[in-house]
Each structure stands twice: as structure tokens, then as C-alpha cells.
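Remarks on the structure that follows.
The values are calculated or read from the model by the stated rules, or taken from the named source; none is laboratory data. Keep in mind that this is a model prediction, so the values were computed, not measured. Here the Cβ is made from the backbone with ideal geometry for all residues, glycine too, and neighbour counts use every protein chain on show.
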Amino acid sequence: MQPRKSYLFAGCLQCDETNPAALMRRDDGFICGNCDAKERGRKERLCARCGRLAPFERHHIHGRKHSDELEDRCINCHRIGHALEE
């Protein structure tokens, strides 16, 4: 049985992302949400938070219950933002 790989010092196999909220475990290591979505062919837009061209998700700026105002965030920024809210 192999030891479990830790998120503590993990990084994406394809880019420099190291935030645990953006990473997912794979058999060969870790990959971030953006790189995983690129591999799957998701469309890309500029992220309103980091400014990178990356696969995106729509984000409720003030929370779904409080506003219908949306912005495009890359998958990593969207995940990190939600992890900080909890």
C-alpha cells in the first residue's frame, strides 16, 4: 500500500498552483482545477480576480441569496474564494 500524498507541499503537475483549495488528487500527483478543465476542453475567459485566461465558472459576487450579480472567475479562484468563505 502506497502512502497517501499530502496537500501540505503539493503543487499542480502542469502549472505553479499550490493552494490546496484549487488542487485535486490524481494517481500521478495533484492537478489544479484550471489545468484539469483545460485537459477536458472547457472554454476559457479572463478571470475577474487574477486576470488569467483560463476555464471559468460564474460567481455570485455578493452570494446567491443576496444578489444576481455575476462575474467570471477561473476555476481555481472560484474554489479558493469559496474555501475562504467557510
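Being more than 13 Å from the chain's Cα centre (by Cα) and at pLDDT 90 or above is true for just one of Gly33, Gly29, Gly63, Gly11. Which residue is that? Step through it out loud before you land on a result.
On the way: Gly33 fails: more than 13 Å from the chain's Cα centre (by Cα); Gly63 fails: at pLDDT 90 or above; Gly11 fails: more than 13 Å from the chain's Cα centre (by Cα).
Matching residue, one of Gly33, Gly29, Gly63, Gly11: Gly29.
Please tell me if Leu23 is exposed (fewer than 14 other Cβ atoms within 10 Å of the Cβ), at pLDDT 95 or above and touching a strand residue (DSSP E or B) at 6+ places or on another chain (Cβ under 6 Å). Give the derivation first.
On the way: exposed (fewer than 14 other Cβ atoms within 10 Å of the Cβ): no; at pLDDT 95 or above: yes; touching a strand residue (DSSP E or B) at 6+ places or on another chain (Cβ under 6 Å): yes.
No; evaluated as a whole, the condition is false for this residue.
Out of the residues in segment 70-86 meeting the condition of being surrounded by 10 or more Cβ atoms within 10 Å (Cβ to Cβ) and more than 13 Å from the chain's Cα centre (by Cα), tell me which one is modelled with the lowest pLDDT. Step through it out loud before you land on a result.
Within segment 70-86, the first condition is being surrounded by 10 or more Cβ atoms within 10 Å (Cβ to Cβ), and the residues that meet it are 70-83.
The next check asks that each one be more than 13 Å from the chain's Cα centre (by Cα); those that pass are 70-71.
Working: Leu70: 92, Glu71: 95.
Restricting to residues being surrounded by 10 or more Cβ atoms within 10 Å (Cβ to Cβ) and more than 13 Å from the chain's Cα centre (by Cα), the top hit is Leu70.
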